[in-house]
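Read-outs: derived from the displayed coordinates by stated rules, not from any lab. Everything numeric here is computed off the predicted structure, so don't read it as measured data. All Cβ positions, glycine included, derive from the backbone under ideal geometry; neighbour counts span all protein chains shown.
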Amino acid sequence: MNSFVLTVIGPDRPGLVDSLAETVAAHQGNWMESRMAHLGGKFAGILRVVVPDQHSEALLAALEALGTHGVSVHAEQDTVAEVHETYLPFTLELLGNDRPGIVREISHALAGRGVNVEEFRTECADAPMSGGQLFRATAQLRLPPDLVVDDLRHQLEQVAHDLMVDISLNEPD
């Protein structure tokens, strides 16, 4: 069996996910996991599929052929490079007025401490009272076992103060 991670982008329209699922199933593939969303008039996603070795090349060719329908699919062989099991799961939540550089500052602080970002979701929404934009981020993290969590919290609090946002770092429930 081969495992592939696929990135997909195309015009948002009914049937796009169905055409992907049909293509995977037609090659005896199994849709394992995915994250997909409507973003700026496009439909974008990432998914992992597993397919028997003898069907891999045909599946990749069929996915590439979806380009004639405006759907771009890029496939990468899954290398199964997992973060060491001793890394500790944490959740980061951020909320504040939108401004350039928030993601850069937070990701820089995390990377500097060896923190692995497993999932990262962001959105902007109208602020109910001010008329501006609120930026919200949620991240699923894995912290190295030797990292002092209070030190990371302190660093993130400093970044939050500089950015004028609220940040929380918590162990998952």
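Among 3-14, 65-76, the peptide with the highest mean count of other Cβ atoms within 10 Å heads the list, and the full ranking is 3-14, 65-76. Dipole check for the range 2-77: with +1 at the C-beta of Lys and Arg, -1 at the C-beta of Asp and Glu, and the Cα centre as origin, the magnitude is about 260 Debye. Summing Cβ point charges (Lys, Arg +1; Asp, Glu -1) relative to the Cα centre of the chain gives a dipole of roughly 460 debye. Near F43, once Lys and Arg are set to +1 and Asp and Glu to -1 for all other residues with Cβ below 11 Å from its Cβ, the sum equals +1.
Under the convention that each Lys and Arg Cβ holds +1 and each Asp and Glu Cβ holds -1, the size of the dipole of the range 36-125 around its Cα centre is about 400 debye. Against the chain, whose longest principal axis comes from its Cα atoms, helix 149-163 is set at around 80 degrees. Report, in deg cm²/dmol and to the nearest 500, the calculated mean residue ellipticity at 222 nm for the chain, where each DSSP H run with n ≥ 4 adds -39500 (n - 2.57) and the sum is divided by the residue count. Only helices count here, giving -8500 deg cm²/dmol. Taking square-rooted eigenvalues a ≥ b ≥ c of the alpha carbon gyration tensor, is the range 31-173 rounded, prolate or oblate, where a/c under 1.5 means rounded and, failing that, a/b exceeding b/c means prolate? Oblate shape, in that a/c is at least 1.5 and b/c is the bigger or equal ratio.
Each part reduced to its alpha carbon centroid, the range 1-39 and the range 140-158 end up 35 Å apart.
Sorting 126-134, 99-107 by their mean Cβ neighbour count within 10 Å, with the most densely packed peptide first, gives 99-107, 126-134.
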